[in-house]
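Colleague: Could you have a look at this structure, given as C-alpha cells, before my questions?
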Amino acid sequence: MRAFIFPGQGSQSVGMGKALADASAIAREVFQEVDHALGQNLFKLMTEGPEDQLLLTENAQPAIMAHAVAVLRVLEREGGVRLADKADYVAGHSLGEYTALCAAGAIDLSTTAKLLKLRGQAMQAAVPVGVGAMAALLGADLVKAQAIADAAAEGEVCTVANDNDPSQVVISGAKGAIDRAVAIAKEHGAKRAVLLPVSAPFHCPLMQPAADAMEKALADVAIQAPLVPVYANVTAAPVSDPDTIRTLLVEQVTGMVRWRESVVAMFDAGVTDYVELGGKVLGAMVKRSAPDATTTSVLTMDDIEALVKAL
C-alpha cells in the first residue's frame, strides 16, 4: 500500500517551482491559478524572492502547497499516474494537510490557496512577534518532550506542537517558557534544543484567535469527500467525512501535529511506500518512525519521470 504525503512549513526556498514551470505548461497553470486566486504574484516571489518575504507565514503556506500540487498535476496529466489509482491514503504535515485535501479533490485549488493565505495571516496576527516561540527538541521522544514542557511552563503556555518522529519533537508557547525549556532540555534527557526561526508559536493554545478565524472561513467552504482517506494531524486517523474534515482543520490550528503516530498508523494499516510530493523533509521522519518503509521525494521533472516508471 502507498501514501502520498505533503510537506509543511520550512520546505520553502527561493527558486522553488521554477524548473518545473519551465518544463511544464501544466505546472505553470497551477501557479497562475494560485496567483489569480490570491491576487498577488506569489510565483514571482517563489522563484525570485526576496527570501524574507517568502518566509512570511502568509506567503510560505500557499507557496509550499502550490509547489506540491504542481508536482502532482504534472505527475497525473503528463505521467498518467492518478492519485486515486496509486495512493491508498494521503497525509500532510500541518499546512500539508490542506495540500493533501486539495490533492485528493476535497477542496479546490483556488479555495485551498485562499484558506492558507488566511491561515498564515491569522496565525501571525494571533500572537505579537516576540511574545511566543518554538523549539525543536532533538534526541527526545514525546514523553521526554512533554516532561520538559511541563517543567518549563511555570504557569505559561508550553506544550508539544509537533510529534515528528521518535527523535524530534517541537514545543510551542510563550517565549519565556520556551527559553526555559531550551535551558533545561539536556537535564531531562534531550540531546539538544534549538529555537526555531518562526514568527509565531504554532499549534498551541495561543493560536486560538487563528482557530476562530479558520472556523469562520471554513464554514463557507465546500468540502467534498476525498478520493482517498486523509490521515488527520490531530487524530492520527483516516477521515473522509467532509464535516469531520472541517472540524479537524479548526482543531489543527491549536492542536498537536501527530505526525509520528500518523506514519505508524498508516504503516500498521499496510502502507509501506511513502511518496513525498513537493519536498524532501518528511522522508527522514518517516524512516525514523517506520524503519521498514520505503520513501521517495518528488520535486523535479526527473523525479516525476522516475516515479512514473517505478509505479
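Colleague: Given the criteria in a strand (DSSP E or B), buried (at least 16 other Cβ atoms within 10 Å of the Cβ) and more than 17 Å from the chain's Cα centre (by Cα), does A161 qualify?
Modeller: So A161 does not fit the description; no.
Colleague: If you go through the stretch 4-16 one residue at a time, how many are of a type in the set (S, T, Y) and surrounded by 18 or more Cβ atoms within 10 Å (Cβ to Cβ)?
Modeller: 1
Colleague: Considering only residues that are touching a Lys or Arg at 6+ places or on another chain (Cβ under 7 Å) and open to solvent by 10 Å² or more (accessible area, probe 1.4 Å), which ones fall in the stretch 17-66?
Modeller: I26, A37, L38, T47, E58
Colleague: Can you find a residue in the stretch 105-123 that is assigned to a strand (DSSP E or B), surrounded by fewer than 24 Cβ atoms within 10 Å (Cβ to Cβ) and of a type in the set (A, V, I, L, M)?
Modeller: No, the stretch 105-123 has no match at all.
Colleague: A further question on this structure: Given (1) part of a loop (DSSP other than H, G, I, E, B); (2) open to solvent by less than 10 Å² (accessible area, probe 1.4 Å), identify the lone condition not met by L137.
Modeller: Of everything listed in (1) part of a loop (DSSP other than H, G, I, E, B); (2) open to solvent by less than 10 Å² (accessible area, probe 1.4 Å), L137 misses just condition (1).
Colleague: Touching a residue at least 12 places away in the same chain (Cβ under 8 Å), of a type in the set (A, V, I, L, M) and in contact with a helix residue (DSSP H, G or I) (Cβ under 7 Å, 6 or more places away or on another chain), is that true of V250?
Modeller: yes
Colleague: Sticking with this one: Looking at (1) open to solvent by less than 60 Å² (accessible area, probe 1.4 Å); (2) out of contact with any helix residue (DSSP H, G or I) (no Cβ under 7 Å at 6 or more places or on another chain); (3) closer than 30 Å to Q124 by Cβ, which one does D303 not meet, given that it meets all the others?
Modeller: (3)
The values are calculated or read from the model by the stated rules, or taken from the named source; none is laboratory data. From a predicted model like this one, the values you see are computed outputs, not experimental measurements. When we count neighbours, we look across all protein chains shown, and the Cβ atoms used for this are built from the backbone with ideal geometry, even at glycine. Calculation scope for accessible area: heavy atoms of the full protein, side chains included, ligands and nucleic acids excluded. Shrake-Rupley method; radii C 1.70, N 1.55, O 1.52, S 1.80 Å.
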